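Remarks on the structure that follows.
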Amino acid sequence: LTCVAATKDEVDAVLRDYWAEGVRHIVALRGDPPGGPGERYIPHPGGYANAAELAAGARRIANFEISVGCYPEKHPDSPSQAADIDMLKRKIDAGATRGITQFFYDNEVYFRYLDRVRAAGVTIPIVPGIMPITNFAGLRKMADTCGATIPGRLVKLFQNLDDDPSTRLLIAATVAAEQCLALAEQGVKHFHFYTLNRDDLAYALCMMLGVRPKPE
């Protein structure tokens, strides 16, 4: 749920509808500017200004479980990593119960971030956001916009595969599975998958990690 281009009353009405329909867990995000990523964000008049205000609004409506975004390599709109962590703490003070990270491809980036937020007093779970690479050119654009680093080894892996989707899909699932397994070896138990509406990759990744459908 985002607060882009909406008043508080409009967002609150959505939250009440969610609760009435049985939704108990939301991901509260500020959202991208209406003009698209890279444009300056301007809050809607009468709307929630940021994710911390949105989380507080959701908490006033009902006892939601609230996840919020967090950024191992800093949100592009934050002036510094310290300011970025301060914003995360504001979200927690507003009622957030879990952080979900921006995607990353170097696990050390995640663990260094975890060290920083724990040192700052953040105790909520910080779930790594995993994005299987469905389109490398598209990924590079997203990474440039949000400030995420793409390791050189991945550039080499996906080189010259633009016209070979089947091989690209196999490599994407393998890379994501290896990343999750390496995180799990360090004690990580939960993951958030950015599917980009590609359920096939997410399904294959779950199978590779040993998560299978339960028999009916």
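The values are calculated or read from the model by the stated rules, or taken from the named source; none is laboratory data. Note that the structure is a prediction, hence the values are computed from the model and not measured. All Cβ positions, glycine included, derive from the backbone under ideal geometry; neighbour counts span all protein chains shown. Note: areas computed on protein heavy atoms with side chains; ligands, DNA, RNA excluded. Shrake-Rupley method; radii C 1.70, N 1.55, O 1.52, S 1.80 Å.
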Tell me yes or no: at least one residue of the range 23-35 is open to solvent by 80 Å² or more (accessible area, probe 1.4 Å) and touching a residue at least 40 places away in the same chain (Cβ under 8 Å). yes
In the range 80-111, which residue that is over 26 Å from residue 63 (Cα atoms) and touching a Leu at 6+ places or on another chain (Cβ under 8 Å) is surrounded by the fewest Cβ atoms within 10 Å (Cβ to Cβ)? 107
Restricting attention to the range 119-134, which residues are without any contact (Cβ under 8 Å) to a residue 60 or more places away in the chain and either open to solvent by 70 Å² or more (accessible area, probe 1.4 Å) or of a type outside the set (A, V, I, L, M) (or both)? 119, 121, 123
Are there any helices (runs of 4 or more DSSP H) wholly within the range 149-216 with 2 or more residues that are open to solvent by 70 Å² or more (accessible area, probe 1.4 Å) and at pLDDT 90 or above, and if so which? 152-157, 165-185
Given the conditions (1) open to solvent by 20 Å² or more (accessible area, probe 1.4 Å); (2) assigned to a loop (DSSP other than H, G, I, E, B); (3) under 18 Å from residue 88 (Cα atoms); (4) touching a Cys at 6+ places or on another chain (Cβ under 9 Å), which single one is not true for residue 48? (1)
